[in-house]
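Right, one structure below, let's go through it.
The values are calculated or read from the model by the stated rules, or taken from the named source; none is laboratory data. This structure is a prediction, so every number in the text was calculated from the model and none was measured. Please note: Cβ atoms are built from the backbone with ideal geometry, for glycine as well, and neighbour counts cover all protein chains shown. These area figures cover heavy atoms from the full protein model, side chains too; ligands, DNA and RNA do not enter into them. Shrake-Rupley method; radii C 1.70, N 1.55, O 1.52, S 1.80 Å.
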Amino acid sequence: PLERDPARRRILFLGDSCTNSGPDQYPDKVVAMLAQSGLVAEPLIAGGGGYSPYQGLDFLRESLAYRPDAVVAYFGWNDHWFATSGVPDNEFRPLTRFERRGYRSLSWLRIYQLMHYLIYPPKVPKGPVPFTDLVESTRVPPTHFVDNIEAMIELAQQARAPILFVAPPYGAG
């Protein structure tokens, strides 16, 4: 509910499956640790499996209506994956209801699969690909990543809610 219990702090957790996956989520652990310190908090979990900071920014815009006291953002590795659709997340448009219905109805047909393959053949590089081109072909290219994070910070500041970012672990150990 939008109504708040004045005795509880609201913490908005943004993210992907690192934030919202399985029964033992880290937001619940954070709330439990805060309770041990005498701070009663209510987690608002706004994360979805496969989300990147692009979807997180949209989620943040919608979730600020709940007036969180703080925002914690944790996006794992989804933004570093290659854009299998061929476009970054901010340009990707989901299928319409009609397109989804058509796909579900026809995709099992071998003739449909052949036609799709001929119209949209797999992209295969014709030689070595420069590293900068690889980086720019991710779901969230670095410039978009920075823009998304800066926009999150600005929105949180406007809402007078501090925002904290959790960095995913990197490398062994």
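Potential lengthening of the chain between residue 134 and residue 37 amounts to 30.4 nm, from the contour at 0.36 nm per residue minus the alpha-carbon distance.
Remark: the Cα gyration tensor places segment 54-173 in the oblate category, a/c being 1.5 or greater and a/b not exceeding b/c. In the elastic network of the chain, a GNM with C-alpha springs shorter than 10 Å, the most mobile of 49, 102, 22 is 102. Assuming a ≥ b ≥ c are the square roots of the Cα gyration tensor eigenvalues, decide whether segment 77-125 counts as rounded (a/c under 1.5), prolate (otherwise, with a/b larger than b/c) or oblate. Oblate is the answer for segment 77-125, as a/c is 1.5 or above yet b/c matches or exceeds a/b.
The residues of segment 31-173 have, on average, 72 Å² of accessible surface per residue, using a 1.4 Å probe with all protein chains present. For segment 1-100, the dipole from Cβ point charges (+1 on Lys and Arg, -1 on Asp and Glu) about the Cα centre works out to 200 debye, to the nearest 20. Net charge dipole, segment 27-73: roughly 60 debye, given to the nearest 20, about the Cα centre with Cβ charges of +1 for Lys and Arg and -1 for Asp and Glu. Solvent-accessible area of segment 22-173 (1.4 angstrom probe, protein heavy atoms only): carbon and sulfur portion equals 62 percent.
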